[in-house]
Amino acid sequence: MNNNKSELELAHLHEQLRSESVAGNGLINRRHLLGLGLAGAGSLVAGNVLAADASGLVIPAWSKTPGRELSGYGSPSRFAAGVTRLAPQPNAISPGTGASRTPLHLLQGTLTPNSLHFERHHAGIPDIDPAQHRLVLHGMVRQPLAFSYEDLLAYPQVSRTYFLECSGNSGANSAPTAADNSAGGIHGLLSCAEWTGVRLSTLLDEAGVTPEASWITCTGADAASLGRSVPLNKAMEDVIIALYQNGEPIRPEQGYPMRLFVPGWEGNVSVKWLTQIKVTDGPANFRDETSRYTELLPDGRALQFTYPMGVKSVITSPSGQMTLTRRGLHEVTGLAWSGSGAIRRVEISADGGRTWADAHIEENQQALTLTRFRLPWLWEGGEAILQSRATDTAGNVQPARAAWVAMYSPANRYHYNGIQSWAVSAQGEVKNVYA
Ligand SMILES: Nc1nc2c(c(=O)[nH]1)N[C@H]1C(S)=C(S)[C@@H](COP(=O)(O)O)O[C@H]1N2
Ligand SMILES: [Mo]
């Protein structure tokens, strides 16, 4: 028996849903769906779902013989082999340099599996033997210290779930024309993990910071010697030396055996393969905080040390390069985050920003982590422009693209946090547009 509704029944259900819309072009109140008994949305979604009867019970081959053996380290189903990082292409001119992106549009929830965490390296991934590695803490301290990996493991640790975002993330959308790309392709220099490690304040207290100190300057053990300066108050507040990522030793790509993790701030500051922290009374003005990772303004001046990532959101489904294959109810879902607090609100529009409805988010969101939002949407085959707009607990509201563009020089690609617009065609094709 097929569960397909008749055209008439469907039209009636759509009519009922439309009468409960919360914003233009098909955005539906989630509570009303529950009231209609459509929580699973089966009756509207399910062109192909079969109603259960005895004839639907087939026993497949894999149920009749034992499956494969156990394994030392798990891997995804071969049927999920397409869920990979995006564009990890080798760099012929500068080996090991570049970025790979998290496929945000292929994932759900808020945590990024370690194998899919985005990567951004300036000189490849060093192959560090933890037994040979040292973290040296020196400068304006009473007692300089050198820690081995084993030493650090003996300290008390904390676990916190934080997003990490490269300040170059979404920079493509600052260009004059909208690139045809996916949500991950545009916004995938963004990941979220549970980071475990030693509070930097524990180590700074042990070394004894002297009164004239106001900054720390941090350097990685990779061939780029990537260095960044961090004000001492942030270093004492919530910075950790991360040793574990989602429960296992951090991956070589993420800085094994240890990285600085600076919550909420542009990813570049979270120095990987951390080997040196010098306590100082000013920033070092490293290459990556002078010639890079600064924002050019319309008048030719540049912003320096713009650390927190702006409030931002992106709809991950439906999103760029997807095609809606059936009319009816869809769930609009995506991610929101802010470097200045927790997410308080996410609004969604299906009509290019003319009308907005509040998306559903779980209560009491943690600060500096990813928030998943959702809202039902009735797509009846018309054109639509889907947008999301996030507000954080500090009161910051995600700007429209035009408002963001007006703040900077056309050459600036850093700290883009404008609203993403996905156009849905009458054929159901979803595309990146500027609206
Ligand atoms: N030592 C070192 N630290 C580094 C980098 C690097 O190339 N070398 N890249 C930085 C940049 S630009 C970003 S966005 C983040 C990326 O972290 P991930 O590769 O773990 O995602 O690490 C930062 N820390
Ligand atoms: Mo970055």
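The values are calculated or read from the model by the stated rules, or taken from the named source; none is laboratory data. All of these numbers come straight from a predicted model, not from anything done at the bench. We place every Cβ from the backbone using ideal geometry, glycine too, and count neighbours over all the protein chains shown. Please note that ligands, DNA and RNA were not included when accessible areas were found on the heavy atoms of the full protein model with its side chains. Shrake-Rupley method; radii C 1.70, N 1.55, O 1.52, S 1.80 Å.
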Exactly one of these conditions fails for Gly82: (1) buried (at least 17 other Cβ atoms within 10 Å of the Cβ); (2) closer than 30 Å to Thr316 by Cβ. Give me its number. (1)
Pick from the range 247-258 the residues that are open to solvent by 10 Å² or more (accessible area, probe 1.4 Å) and touching a residue at least 24 places away in the same chain (Cβ under 8 Å): which of them is nearest to ligand 2 (Cβ to nearest atom)? Glu253
Show me the strands (runs of 3 or more DSSP E) entirely contained within the range 313-409 in which 3 or more residues are among the β-branched types (Val, Ile, Thr). 343-349
Exclusive hit being within 16 Å of ligand 1 (Cβ to nearest atom), open to solvent by 60 Å² or more (accessible area, probe 1.4 Å) and either farther than 21 Å from Val433 by Cα or of a type outside the set (A, V, I, L, M, F, W, C) (or both), set Arg142, Arg199, Arg134: Arg134
Could you please find all residues in the range 163-184 being in contact with a strand residue (DSSP E or B) (Cβ under 6 Å, 6 or more places away or on another chain) and within 16 Å of ligand 1 (Cβ to nearest atom)? Phe163, Leu164, Glu165, Cys166, Asn169, Gly184
How many residues, within the range 260-294, are out of contact with any Ser or Thr (no Cβ under 6 Å at 6 or more places or on another chain), open to solvent by less than 20 Å² (accessible area, probe 1.4 Å), part of a strand (DSSP E or B) and within 16 Å of ligand 2 (Cβ to nearest atom)? 1
Touching a residue at least 60 places away in the same chain (Cβ under 8 Å) and crowded, with 20+ Cβ neighbours inside 10 Å: is that true of Asp392 in this structure? yes
Hey, does the range 95-105 have a residue that's open to solvent by 60 Å² or more (accessible area, probe 1.4 Å) and without any contact (Cβ under 8 Å) to a residue 24 or more places away in the chain? no
Just wondering, is there one or more residues in the range 205-228 that are modelled with pLDDT of 95 or more, out of contact with any Lys or Arg (no Cβ under 8 Å at 6 or more places or on another chain), more than 16 Å from ligand 2 (Cβ to nearest atom) and open to solvent by less than 10 Å² (accessible area, probe 1.4 Å)? no
